[in-house]
1. Taking the residues in the stretch 25-39 that are assigned to a strand (DSSP E or B) and of a type in the set (Ser, Thr, Tyr) as candidates, determine which candidate is farthest from Leu4 (Cα to Cα).
2. Quick one: count up the residues across the stretch 40-56 that are open to solvent by 50 Å² or more (accessible area, probe 1.4 Å) and outside any loop (DSSP other than H, G, I, E, B).
3. Pull out all pairs, ordered by first then second residue, where Cβ-Cβ is under 6 Å, the residues are six or more apart or on different chains, the first lies in the stretch 101-113 and is touching a residue at least 60 places away in the same chain (Cβ under 8 Å) and more than 16 Å from Val78 (Cβ to Cβ), and the second is surrounded by 13 or more Cβ atoms within 10 Å (Cβ to Cβ) and small (Gly, Ala, Ser).
4. Check Leu4, Leu11 and return the single one that is more than 12 Å from the chain's Cα centre (by Cα), in a strand (DSSP E or B) and on the phi < 0 side of the Ramachandran plot.
5. So how many residues does the stretch 87-111 have that are farther than 13 Å from Glu6 by Cβ, open to solvent by 50 Å² or more (accessible area, probe 1.4 Å) and among the hydroxyl-bearing types (Ser, Thr, Tyr)?
6. In the stretch 14-24, how many residues are more than 14 Å from Ser97 (Cα to Cα) and assigned to a strand (DSSP E or B)?
7. Restricting the stretch 87-115 to residues that are of a type in the set (A, V, I, L, M, F, W, C) and more than 13 Å from the chain's Cα centre (by Cα), which is modelled with the lowest pLDDT?
8. Please go through the stretch 57-86 and give me each residue that is open to solvent by less than 60 Å² (accessible area, probe 1.4 Å) and of a type in the set (D, E, K, R), ordered by number.
Amino acid sequence: QVQLVESGGGLVQAGGSLRLSCAASGIIFSINAMAWYRQAPGKERELVAIISRGGTTTYADSVKGRFTGSRDNAKNTVYLQMNSLKPEDTAVYYCRSNGLGREYWGQGTQVTVSS
């Protein structure tokens, strides 16, 4: 059974930081590209960051320079370090795995940034 479990969300003031984690099980983690998405109330889900199998990262323009994605294949975990948070970063954050033609999603973790 495949599981992606996000953690690390919470309430933080603007300018603060959070580190999200996504622990994967049931997949061969090292061959999966991983990604972080977010969905704010009333908005469509949007891509935040991609962390390739080799660890190369790609970011949405809105988070470049503030967010850093990384992965630890030994722990089957992908991370999203979020710094200089803004109220507009408030959303449910999801991780997604993509490998061997299959994709899976986590249940999401809420991030709320107060002004």
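The values are calculated or read from the model by the stated rules, or taken from the named source; none is laboratory data. Here the structure is a predicted model, which means the values were calculated and not measured. No Cβ is skipped: glycine too gets one built from the backbone with ideal geometry, and neighbour counts run over all protein chains shown. In case anyone asks, the SASA skips ligands and DNA or RNA and just uses the protein heavy atoms, side chains included. Shrake-Rupley method; radii C 1.70, N 1.55, O 1.52, S 1.80 Å.
1. Ranking the qualifying residues of the stretch 25-39, first place goes to Tyr37.
2. Matching residues across the stretch 40-56 total 3.
3. Close Cβ pairs (under 6 Å, with a partner that is surrounded by 13 or more Cβ atoms within 10 Å (Cβ to Cβ) and small (Gly, Ala, Ser)) amount to Gln110/Gly9; Val113/Ala14.
4. Every option except Leu11 fails the conditions.
5. Residues flagged as farther than 13 Å from Glu6 by Cβ, open to solvent by 50 Å² or more (accessible area, probe 1.4 Å) and among the hydroxyl-bearing types (Ser, Thr, Tyr) within the stretch 87-111 amount to 0.
6. Result for the stretch 14-24: 3.
7. Leu100
8. Across the stretch 57-86, the qualifying residues are Arg66, Arg71, Asp72.
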